[in-house]
Every structure is written in C-alpha cells, then in structure tokens.
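Input: a single structure, listed below in structure tokens.
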Amino acid sequence: MIIDRRLINVATLGLAFMLVFTAFQTMGNIEQTVLESIHKEDPTFTGNGYTSLAIIYSVFAVCNWLSPSMISVLGPRLTMFIGGIIYGLFIASFLWPQTWLLYSASALIGVGAAAIWTGQGTYLTLNSDSTTISRNSGIFWAMLQSSMFFGNIFVSFAFHNKTQIDAGTRTLVFSVLCAVCGLGVVVLLLLPRPRTHDGECVPQTEAAPLKALKGAFTLFLTKEMLLLCVTFLYTGFELSFYSGVYSSCIGFTKELGEGVKTLVGLSGIFIGFGEVLGGVVFGLLGTRTIRWGRDPIVILGFIIHMVAFFIIYLNLPDSAPFGDTPEKAYIQSSAMLAIFCSFLLGLGDSCFNTQVLSILGGMYPDDSAPAFAIFKFTQSLSAAGSFFYSNQVGLHMQLYMLAAWGTVGTFTFCLVEGMNRRLQAYTPSSVVVVSDPKQK
C-alpha cells in the first residue's frame, strides 16, 4: 500500500489549523457579546469587539506585503509556528481585560495572521499539484472549519441561560481556548517537510526578502490578479459579517426570546456545519472541478448567500449590530430562521474560499507565497473596513452592500476562470497559468 505523504501533510496542516482556529474563530464569534458584559461590570473598560477586529484586519492587510519576505527567510513551517504563538497570546490577553491590552493584542495578532495564512497557502501548494489542488483545498477547508463546531458547542454550554457573561464563565472559556490553541501550535511545530509527487522532500529555496516583496507587487498588477482582487474583497466583507457581526446580531435581538445568548454559540456551530459540508463536497468533487471549472461552485455560493441575506433582512431588526434591542423585524423574529441562515452563510462561504484556494494554487504554483499574501491582503482590507463601519451602519444597509459586492465579485471570478480554461486549451500538459508575472 502506497502512502500519499503529501495528503498526510495536508491533513496535518488541517489538524493544526482546526485547533488554532477552534480558539480564534470562537473568540471572534463571541467577542462583541463578551466585551459588552465586561463593560457592564466595569464601566472603565471601553473596549469594543468590532474595533478590535477592525484593528486585527487592518494590521493583517499591511503585514501581508511582508509575509512573502518572511517565508523566503524562515520557510512556511517556521513562519506558521510563529504566527500560531501570537494567536495564543491574543486569546490569553482576555484573561486580564484592559482596553489598552485588547487593542495592542489586536494589532499584534494582525502580524501573526499574515504569517500563518501566507505560510498555509505556500505549504498547501507545495504539497499539491494541478490534479490534487482542488481536493487538497477542500480537505483543508473542511478540517479548518470543523473548528466552528467544537469551540461553539463548548460556548453554548458555557453561556446556557445567561443574559450576561460573568467573570468566572469568561475565565473558564478563555483558559480552555488558550489550551486548545497551544495544542495547535505544537502540531504546527511538528509539521513534516513539504513533499513532491514522488514523496521526496521539497528543498527550501531561499530568496532575498526584497526580491520577494518586489515579486508580490509585480504579481499584484497583473490583469488576472486585479480581477480576482474584487472577489477577494467580497470574501473579506462576508467574512467579517458571518464571523463577527451576524452572531452578535442574533445575541442582541430580544425578540428571539429568553436565553438568546445561547444562540450566539449555536449560530457559530451551524456556520461550521455549512463550511464543513462545503469543504467535504468540493474536496470529493476536486477532479471534476478541474474538468467542469470552478465558476459553477462560486455561482452556487453566490445564490446561497443572496438567499441568506434576504431572509436575514426580514428576520432581524436593523439596529441589531449596535447592542441589545427590542426593535421588531419585518416578520416575527425566528430563532430557527436565524440559525438556518448561519448554515447558509457558512455553506456559501465555503463555495467561495475553496475555489479561491484552488485557483491560486493552480494558477501560481511558483509564486504561491505572494499570491496568497495578495489574497489575504485584499480580504483583510475589506474585512477591516467592514468591522469599522459595523458600529455605525445598520444591518439592512450592510446586507445591501454585501449583495452588491457579491454580484461583482462573482462576475470577476468567472471572468478569470474563463481566461484560465482558455489558456489551458493551449497548454494541455499543465494547468499552470502564471508562474512568472514578469512574463505577462
């Protein structure tokens, strides 16, 4: 029996990210709700969850331009390990709630996020080829997003029947999340070397940091990448919505009844269900995706998101992002509908992200670090902007903006995928489209 070492590497990567992001994604899901409770206990604490997330993604965006240089020096495994440690420090900062510490840790984790995500894209690409990149992207995404189950199941029990999250509950939750993140960092440290198709270790190629930075800028200005950046922007807007805004909106809507805070964790669980289902299905369809194209899956994700946005528009009040509200929605607010939309948001997100990972790994196998850095730069830029205006813009206007960006982002992705398929027709032996942006 021949062991596919590259598949084992991808699965190990997925396990590490599942553990680290069981901690972080759970934190993002509950952060605004928890900080509201801290402020009620201690009025001198003025930290805001949306502002914290905006700082994270702003620093993340800037640091993505430096991460290819970091990878050129340290390699993807050590870069991810350093990023994982920073994630653990961020979560630990919640054990001592201080406004200045919250925002300082938020800025620090932006650096860690750039390191861990660019390293992830590079490591995934090095362990894939044109025939396995879609499968491996789906497997990684399913394992990563299964983190939404474990953390949020724990939070649902911890927050059960609570209208305010007391200090003891917060300490328990943050301590457990820190321990889980620590396990993920250990797995990152133990990641095997990337493998070739024949099972040989991929040698680490060291490029000058300045050259890596210039390469990222050159790639950014290519036609295909500029078009994809529109899609990346949409993934950032909807990332901020499902990961930080929507679950908080559910928790703030009093019309959903008693024990509404419990729904915050339940929302995260069903977002995870959607994410994992999409990752598994699209991972199994990996070979067919290459033959049929990636655009049908992205179009499916667009339709799913539009349905979710319409139901949310009717089901939750416009003032839901701002704090506890007795305001009524267009229909009688339903917890079942709210949780169903959580599932739709996760499923639609997996449609977009699995195909983005696949198209970047397939089109830029020799420039994976800058390609994934550009993706995360653009995505985090829009996510930061979204978190900044989430405090000021009502839910309904946020949904209008998501629908508009989703329409344009889907169109530009389909354009690039069409260009990719046409170029493949002239390069039958490979699906590699761009390996050197200077050849454009």
- Query: Scanning for something surrounded by fewer than 19 Cβ atoms within 10 Å (Cβ to Cβ), more than 23 Å from the chain's Cα centre (by Cα) and modelled with pLDDT under 85, does segment 258-271 turn up at least one residue?
  - Reply: yes
- Item | Any pair with Cβ under 6 angstrom, 6 or more apart, that starts in segment 411-422 at a residue that is open to solvent by less than 40 Å² (accessible area, probe 1.4 Å) and ends at one that is assigned to a helix (DSSP H, G or I) and aliphatic (A, V, I, L, M) | 412/227; 412/230; 413/298; 416/227; 416/228
- Query: Taking the condition among the aliphatic types (A, V, I, L, M), at pLDDT below 85 and buried (at least 24 other Cβ atoms within 10 Å of the Cβ), does residue 308 pass?
  - Reply: no
- Sole exception among (1) buried (at least 22 other Cβ atoms within 10 Å of the Cβ); (2) part of a helix (DSSP H, G or I) for residue 385, by number: (1)
- Message: For the condition crowded, with 24+ Cβ neighbours inside 10 Å and more than 20 Å from residue 178 (Cα to Cα), what is the one hit in 55, 71?
- Response: 71
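Filter segment 320-359 for residues that are outside any helix (DSSP H, G or I) and over 14 Å from residue 256 (Cβ atoms); which is modelled with the lowest pLDDT? Outline the logic, then answer.
Initially, segment 320-359 is screened for residues outside any helix (DSSP H, G or I), giving 323-334.
The next check asks that each one be over 14 Å from residue 256 (Cβ atoms); those that pass are 323, 330.
Details: 323: 78, 330: 91.
Checked segment 320-359; the qualifying residue modelled with the lowest pLDDT is 323.
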- Condition test on residue 109, is it under 21 Å from residue 33 (Cα atoms), aliphatic (A, V, I, L, M) and crowded, with 18+ Cβ neighbours inside 10 Å? yes
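Please determine, by comparing only the residues of segment 118-141 that are surrounded by fewer than 24 Cβ atoms within 10 Å (Cβ to Cβ) and in a helix (DSSP H, G or I), which one is modelled with the highest pLDDT. Reasoning before the result, please.
At the first step, the residues of segment 118-141 found to be surrounded by fewer than 24 Cβ atoms within 10 Å (Cβ to Cβ) are 126, 129-132, 135.
Then drop every residue that is not in a helix (DSSP H, G or I), which leaves 126, 135.
Values: 126: 86, 135: 81.
Going through the qualifying residues, I end up with 126.
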- Under 7 Å by Cβ, and 6 or more places apart or on different chains, what pairs join a residue from segment 176-187 that is closer than 22 Å to residue 78 by Cβ with one that is among the β-branched types (Val, Ile, Thr) and open to solvent by 30 Å² or more (accessible area, probe 1.4 Å)? 185/85; 187/12
- Find the residue count for segment 311-324, including only residues that are surrounded by fewer than 22 Cβ atoms within 10 Å (Cβ to Cβ) and either closer than 12 Å to residue 342 by Cα or acidic (Asp, Glu) (or both). 3
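So that you can scan it fast, the table gives a plain yes or no per residue for (1) over 28 Å from residue 272 (Cα atoms); (2) not in a loop (DSSP other than H, G, I, E, B):
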residue: 6; (1), (2): no, yes
residue: 16; (1), (2): no, yes
residue: 30; (1), (2): no, yes
residue: 40; (1), (2): yes, yes
residue: 46; (1), (2): yes, no
residue: 59; (1), (2): no, yes
residue: 69; (1), (2): yes, yes
residue: 85; (1), (2): no, yes
residue: 90; (1), (2): no, yes
- Within segment 345-366, is even one residue surrounded by 24 or more Cβ atoms within 10 Å (Cβ to Cβ), small (Gly, Ala, Ser), within 16 Å of the chain's Cα centre (by Cα) and over 16 Å from residue 294 (Cα atoms)? yes
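The values are calculated or read from the model by the stated rules, or taken from the named source; none is laboratory data. Just so we're clear, the structure is a prediction, and the values are computed from it rather than from any experiment. FYI the Cβ positions are ideal-geometry reconstructions off the backbone, even for glycines, and counts take in every protein chain you see. Surface areas here come from the heavy atoms of the whole protein model, side chains and all, with no ligands, DNA or RNA. Shrake-Rupley method; radii C 1.70, N 1.55, O 1.52, S 1.80 Å.
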